[in-house]
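Just so it is clear, none of the values below were taken in a lab; they were calculated from the coordinates. Remember, it's a predicted structure, so these values are computed and weren't measured experimentally. Here Cβ is always computed from backbone atoms with ideal geometry, including for glycine, and neighbour counts include all displayed protein chains.
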Amino acid sequence: MEPLDETTIRAAFVNCSKGEAKRLNLPGKLADIGWEDLDFLGWRDPKAPANAYLVLPREGKLVGLALRAAAPHASQLKSSLCALCQTTHAAADVSLFAARRVGNAGKQGNTVGTYICADLACSLYIRGKRKPSAVTSARVTSTVDEEVARTMASLNKFVDEVLTDNA
């Protein structure tokens, strides 16, 4: 992923108001992010951990999504699978994230949800730069490029749902 600046990130959001995008907390120092290892930028708000954000390149432009995380699962004994990168984690390390739909559907409170790595670090799990805590963790035997393509296809399918105003 190409490095992004604050203005570009804030302008990318499609499912929140400009005021909300202006007020959201960015992921620390942008210059310290390892952009070369990311396929999308994902972070949780350290001041409000239920708030999370994704910014991804899509069809030649950036799309940003504001998300809400469900309460974490308490079990470290059960495992869960990230719907994007297919990494198996302890159940507490995968969260259900909901995104408000765009347009009238979003104004009526309609959301779309999916299970994603709780730390939104799918790109790092794919590349082996971060290891899941689940003992039963297993990776699919495919190349990093194939896993990136599958992850981004899953993420784009989720974004398609968010961008659908079905009111």
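Tell me what the chain gives for mean residue ellipticity at 222 nm when only DSSP H runs of n ≥ 4 count, each as -39,500 (n - 2.57), the sum divided by the residue total, rounded to 500 deg cm²/dmol.
On the way: 5 runs with 41 residues, N = 167.
Using -39500 (n - 2.57) per qualifying helix, the result is -6500 deg cm²/dmol.
Axis angle, to the nearest 10 degrees, between helix 144-162 and the longest C-alpha principal axis of the chain: 40 degrees.
For the range 6-162, the fraction of C-alpha pairs more than 19 angstrom apart is 54%.
Here the dipole of the range 6-162 is about 500 debye; that uses its Cα centre as origin and unit charges on the Cβ of Lys and Arg (positive) and Asp and Glu (negative). With loop membership from DSSP and a limit of 11 other Cβ atoms within 10 Å, the longest segment of the chain without trypsin sites (Lys or Arg not before Pro) is 48-128. Legend: calculated FRET efficiency, Lys78 to Thr111, from the Cβ-Cβ distance at R0 = 30 Å, rounded to 0.05, equals 0.75. The calculated P(r) of the range 71-132, using every Cα pair and 5 Å bins from 0, goes 4, 19, 24, 19, 14, 10, 8, 3, 0 in percent. Beyond 26 Å between alpha-carbons counts as too far, so tell me which of Lys22/Lys131; Lys29/Lys129; Lys29/Lys157; Lys22/Lys61; Lys22/Lys129; Lys18/Lys47 fall in that bin. Beyond 26 Å between Cα atoms: Lys22/Lys131; Lys29/Lys157; Lys22/Lys129.
In debye, nearest 20, what is the charge dipole magnitude of the range 45-105 about its Cα centre with +1 on Lys and Arg Cβ and -1 on Asp and Glu Cβ, if you could check?
On the way: 7 positive and 3 negative charges, 40 e Å.
Here the range 45-105 has a charge dipole of around 200 debye.
Which Cα, out of Leu67, Thr7, Val144, lies furthest along the positive dipole direction of the chain (beta carbon charges, K/R +1, D/E -1)? Working it through, the farthest residue towards the positive pole turns out to be Leu67.
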